[in-house]
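The values are calculated or read from the model by the stated rules, or taken from the named source; none is laboratory data. Keep in mind that what you see is a predicted model, and the values were worked out from it rather than measured. Backbone-built Cβ (ideal geometry, glycine too); neighbour counts: all protein chains shown.
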Amino acid sequence: MENTIFFGNGINRLSPENISWTNLLNDLKESRMFDNDDLPNTMIYERIILEKPNKHPDVLHDEFETKTKIADLMDEITPHQTYIDLFNINAENYLTTNYDYAFIKSLQELKEVNFPIHEYSSEDVYSIRRLKRISNAKEAKKHFWQIHGEIRKPATIMLGLDHYCGEIGKIDSYIKGNYRYTENKETITEISLADKLRDKNFSGSSWIELFFNSNIHIIGFSFDYAEIDLWWIINKRARMRKSNLGSQITNEIIFYCDEINEHLKGVLNSMDIKVEIIPTSIGKNKYSDYYKNLTQKLNEKIKPAHNKL
C-alpha cells in the first residue's frame, strides 16, 4: 500500500518569514479591528470580507483582492531543510493545506529533481484535482497535492466558510460518482468511490482517494475543528468502515503531535485515526528537533518504495 505525507503549516513555523494565522487575519482586517475571541478562522475571515467596504458590485471581486493580499504575504515564506527531509522519505504522495510553495522551493536544491514541475489541474476555484507531479531523469514520480489552493491562483485560496462548504460539496460529488470535469476537451465523470473500492480501480484523479487507499501520516497540523472539509472526509471514511464496504478500507491514518487534549484525541480515535505523541525537547531548537525526530520515525516506519526519487 502506498504512503502519503500530509503536512500543515507547522513546518512553516520554522521559517523566520512565516506569518501566524492570527497576524495574517489581523492584517486583513486593516482598520476594521475586532476581537477574535473563540471564533474559528473561517468565521473571522467571513466577517472581514462582509464588513469590507465594497469597491465592486460583486463581493467575489472584493474577496479576490483580499486573497491576493494573502498570496503576497505567503509568498515570502522560504525553503527549509525539513521539507527536503520529508521529500526523501519513501512516500509516494504529499498533501498539504498550505497555499505557499516552500515545499517546492526547497526541492530546487536537489539536483535529481526535474524542473519545471508539471501541473495537472484546470480548476479555477476548488482544489479537488490540484496535482503537481515531481519527477527525476528516470521518470520516477511523486505526487504533490495542494488541497486548499495555491498563491499563484488567489481565487483558489480556501479560508472562508463559503469556500469550505463549496469544497465539501465537490468532495461529496466525487465520492458519490457525480463529479465531472473536462480534460483535453473531453468530459470525464468519476465513478463512485464505492465502485472503486469494490473493483480496486482508482483513477488517481483526486487526493480524496488517498484517504481510502493509502496510509496517511499527518504532521504539522493542528486538526482545528474549522477544517470542516477534512473532518467531513474522515467521518465519511469512518462511517463507510462500519458499512458493507468496511472490509475494503484497510489503510491507516496516523496523526502525529507533541501533545493533544483528550477531547480531540477521543474524536479522532472514534473516526479510526490513530494518535502518536512525539514529545518536544526543551530549548530554543525544540521545534526543529521535533521535526528531525519525526522524520526519523517516519523513515523507520515507511518501507522503501519502488518509485523513490
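Overview of values
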quantity: Given (1) modelled with pLDDT of 95 or more; (2) under 30 Å from Glu46 (Cα atoms); (3) surrounded by fewer than 18 Cβ atoms within 10 Å (Cβ to Cβ), number of the condition Ile84 does not satisfy; calculated: (2)
quantity: Residues (within 18 Å of the chain's Cα centre (by Cα), over 25 Å from Trp231 (Cα atoms) and not in a strand (DSSP E or B)) located in region 125-160; calculated: Arg152
quantity: Residue in region 245-298 that is modelled with the lowest pLDDT, counting only those that are within 27 Å of Leu193 (Cβ to Cβ) and in a loop (DSSP other than H, G, I, E, B); calculated: Leu245
quantity: Failed item in (1) part of a helix (DSSP H, G or I); (2) hydrophobic (A, V, I, L, M, F, W, C); (3) closer than 18 Å to Phe7 by Cβ, with Ala238 passing the rest; calculated: (3)
quantity: Residue that is of a type in the set (Asp, Glu) and under 23 Å from His217 (Cβ atoms), where the choices are Asp162, Asp172, Asp195, Asp100; calculated: Asp100
quantity: Failed item, numbered, when Glu63 is tested on (1) free of Cβ contacts under 8 Å to residues at least 12 places away in the same chain; (2) part of a helix (DSSP H, G or I); calculated: (1)
quantity: Considering residues of region 97-124 that are outside any helix (DSSP H, G or I) and in contact with a His (Cβ under 8 Å, 6 or more places away or on another chain) only, the residue surrounded by the most Cβ atoms within 10 Å (Cβ to Cβ); calculated: Tyr99
quantity: Test: Ser281 is surrounded by fewer than 19 Cβ atoms within 10 Å (Cβ to Cβ), among the hydroxyl-bearing types (Ser, Thr, Tyr) and over 30 Å from Leu161 (Cα atoms); calculated: yes
quantity: From the options Ile282, Ile278, Ile253, residue that is touching a Lys or Arg at 6+ places or on another chain (Cβ under 9 Å) and over 24 Å from Lys132 (Cα atoms); calculated: Ile278
